[in-house]
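Each value in this text was obtained by applying a stated rule to the coordinates, not by laboratory testing. Not measured: the values here are computed from a predicted model. Positions of Cβ are backbone-derived with ideal geometry, glycine not excepted, and every protein chain shown enters the neighbour counts.
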Amino acid sequence: MVTPKLTNDEVVWGTEDGKIGDGAIAYYYKDIREYRIVATDTNYSFNPGTQEWEHNYAGSYGPPSGNTKGNSLGPVQLEWLEEVLTHAAYKGKSCIVIGHDSFAGRFRSTSPDASKIRDIYSTVNGIRKGTVLLSINGHIHTNNMAVVEDVLYIDMNTTRNGVWRGTGT
């Protein structure tokens, strides 16, 4: 709910109608001139007991106990990401994708979706070269940079390493 206030404008959420809804969907995009800024949410995991994808509960430090494939986007968001980036390719938009966990397949990435996301980037860049320019992440708290298939990946350390600990320090 903070994002629209920070941008002073509406963003397009990953909900069916593109509106914020109840706030359960935390991925969205915003077009700014010839750019599309895409924010992903890597807080999904798979519950083998229910065979369902679940979003981590607020304030958690990872997936619920027993869940697998933590740090995922999950299939619904992956489909949304492909649609949003494909649309950008046909509209001539250049995209910057932001997420918590790395998609580069390097830098100790833990997202099980990394290779699928790189495939999506490759597909949309095949439609229009330069559709996905940059992917920014930060999960591992180190600074890294690499170019993989014409996409620049930047993993950056946090700018303030304390608030996330939940101790108030």
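If each residue of separation counts as 0.36 nm, what is the full-extension length gain between Met156 and Glu54 once their alpha-carbon separation is subtracted? My answer for the length gained is 34.1 nm. For the pair Ser94 and Ala146, the difference between a 0.36 nm per residue extended length and the Cα-Cα distance amounts to 16.9 nm. Computed from the C-beta positions of Glu10 and Asn47 and an R0 of 22 Å, the FRET efficiency is 0.10 to the nearest 0.05. Extension gain, Asp17 to Asp31, is 3.4 nm, computed as 0.36 nm per intervening residue step minus the present C-alpha separation.
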